[in-house]
Amino acid sequence: MMFPNQIVLVSGASGFVATHVLDAFLSAGYSVQGMVRSVKVADKVLRTCPQYKVKLSFAIVSDIGKPNAVDGCREARRQYHSHNESGPVPGER
C-alpha cells in the first residue's frame, strides 16, 4: 500500500541493512528521510544512490541522547529503524 505525499524515516541510514531498505522504499516511489550522524555520512549515502536525489533527504542527528535531538525528523510519517550494534558485545570487555 502506497502512502502518497508521506515521508518514510529510516534511522541509521548509512548502515548495511538500512541502505537496502532505503533503496527498496525509494525504488517503490516513496520519499525518504535518512537519519545520519553527520553531513559527511549523508553525502556518502547520497553518492551510493544519486538517482534518488530528489526523493532522499537527511536529518543530521549527531547525538541521539541530547534533548530534542530528533526534532528535525518530525516531517516523516512512517518510520523504519535500522539498528546496528557498534559497541562491545554484551558480556565482553
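The values are calculated or read from the model by the stated rules, or taken from the named source; none is laboratory data. Just so it is clear, the model here is predicted, and its values are computed rather than measured. Note: ideal-geometry Cβ built from the backbone for every residue, glycine included; neighbour counts use all protein chains shown. Heavy atoms of the whole protein, side chains included, go into the accessibility calculation; ligands, DNA and RNA do not. Shrake-Rupley method; radii C 1.70, N 1.55, O 1.52, S 1.80 Å.
Would you be able to tell me the number of residues in the range 20-40 that are open to solvent by 50 Å² or more (accessible area, probe 1.4 Å) and not in a loop (DSSP other than H, G, I, E, B)? Working first, answer last.
Narrowing the range 20-40 to residues open to solvent by 50 Å² or more (accessible area, probe 1.4 Å): 20, 23-25, 27-28, 37, 39-40.
Cutting the leftovers down to not in a loop (DSSP other than H, G, I, E, B) gives us 20, 23-25, 27, 39-40.
Going through the range 20-40 one residue at a time, the tally reaches 7.
Looking at N68, N84, can you tell me which residue is at pLDDT below 80, over 16 Å from I7 (Cβ atoms) and open to solvent by 100 Å² or more (accessible area, probe 1.4 Å)? Steps first, answer last, please.
On the way: N68 fails: at pLDDT below 80.
Just a single option satisfies the conditions, and that option is N84.
When residues of the range 41-63 are filtered for being in a helix (DSSP H, G or I) and either open to solvent by less than 80 Å² (accessible area, probe 1.4 Å) or of a type in the set (D, E, K, R) (or both), how many remain? Break it down stepwise before answering.
Going residue by residue through the range 41-63, those that are in a helix (DSSP H, G or I) are 41-48, 50-52.
Those still in the list that are either open to solvent by less than 80 Å² (accessible area, probe 1.4 Å) or of a type in the set (D, E, K, R) (or both) too: 41-47, 52.
Of the residues in the range 41-63, 8 are in a helix (DSSP H, G or I) and either open to solvent by less than 80 Å² (accessible area, probe 1.4 Å) or of a type in the set (D, E, K, R) (or both).
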